[in-house]
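J.: Okay, here's the structure, questions in a sec.
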Amino acid sequence: MMFKDVHYAQYMTEVNQRLSSNGIFLTVKGEKLNTMTIGWGFIGYMWRKPIFIVPVRKSRFTYGLIEKSDEFTVSIPFDGLKKELALCGSKSGRDIDKFKAFGLTPVDGKIVNTPVINECDLHYECKIVFKQEMDPVNLDTAYDKSCYANKDYHTLYFGEIVACYLKE
């Protein structure tokens, strides 16, 4: 497989389009390898570094894995994989191996030990440099009501982007 390094911000429009439509894959490797679909996230610049912020709810299987990890990868398909994204967003890694069940191929990362998803076009490898549990006291009440009816708040994981590349 051939990959071409790209600037982390080069495909921001595509990343934001995918986040707001079908989602993107967040992959974490712990005692088990798991990927989940996220529809929220943020790429920015903090601490003099490019950062990818991913939110994970405590109820998710991925939460237990990422809490014990120091890294994650994000894989973005530009077209297709709608079915796989929907399934990875609705099925739990507690119950199934999503890679085997949905025909996704893990490929070793360039820098981190967590793989990326071969069927995707754009990949980010991230080392966790900060995490923050959401404090509902600080959340706008309208967002609290509309996004957290079950009070299942996110923890935000700030990953320094250590590699960003495109599948050729």
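The values are calculated or read from the model by the stated rules, or taken from the named source; none is laboratory data. Fair warning: this is a prediction, and the values are worked out from it, not measured in the lab. Neighbour counts are summed over all protein chains in view; Cβ atoms, including those assigned to glycine, are modelled from backbone coordinates with ideal geometry.
J.: Confirm whether Val116 is surrounded by 12 or more Cβ atoms within 10 Å (Cβ to Cβ), touching a residue at least 40 places away in the same chain (Cβ under 8 Å) and either among the acidic types (Asp, Glu) or in contact with a Ser or Thr (Cβ under 9 Å, 6 or more places away or on another chain) (or both).
T.: The answer is yes for Val116.
J.: Modelled with pLDDT under 95 and either crowded, with 17+ Cβ neighbours inside 10 Å or of a type outside the set (Phe, Trp, Tyr) (or both): is that true of Asp121 in this structure?
T.: No: the conditions fail for Asp121.
J.: Give, as residue ranges, the strands (runs of 3 or more DSSP E) completely inside the range 42-133 that count at least 2 residues that are in contact with a strand residue (DSSP E or B) (Cβ under 8 Å, 6 or more places away or on another chain), under 16 Å from Gly159 (Cα atoms) and of a type in the set (Ser, Thr, Tyr).
T.: Answer list for the range 42-133: 71-76.
J.: Could you list, in sequence order, the residues of the range 65-115 that are of a type in the set (Gly, Ala, Ser) and in contact with a Lys or Arg (Cβ under 9 Å, 6 or more places away or on another chain)?
T.: Once the filter is applied, which keeps residues that are of a type in the set (Gly, Ala, Ser) and in contact with a Lys or Arg (Cβ under 9 Å, 6 or more places away or on another chain), the range 65-115 yields Ser69, Ser92, Gly93, Ala101.
J.: Which residues, taken from the range 26-56, are of a type in the set (D, E, K, R) and either under 23 Å from Ala101 (Cα atoms) or crowded, with 19+ Cβ neighbours inside 10 Å (or both)?
T.: Lys29, Glu31, Lys32
J.: Now, a different point. Does the range 93-103 contain any residue that is buried (at least 16 other Cβ atoms within 10 Å of the Cβ), touching a residue at least 40 places away in the same chain (Cβ under 8 Å) and touching a His at 6+ places or on another chain (Cβ under 8 Å)?
T.: Among the residues of the range 93-103, not one is buried (at least 16 other Cβ atoms within 10 Å of the Cβ), touching a residue at least 40 places away in the same chain (Cβ under 8 Å) and touching a His at 6+ places or on another chain (Cβ under 8 Å), which makes the answer no.
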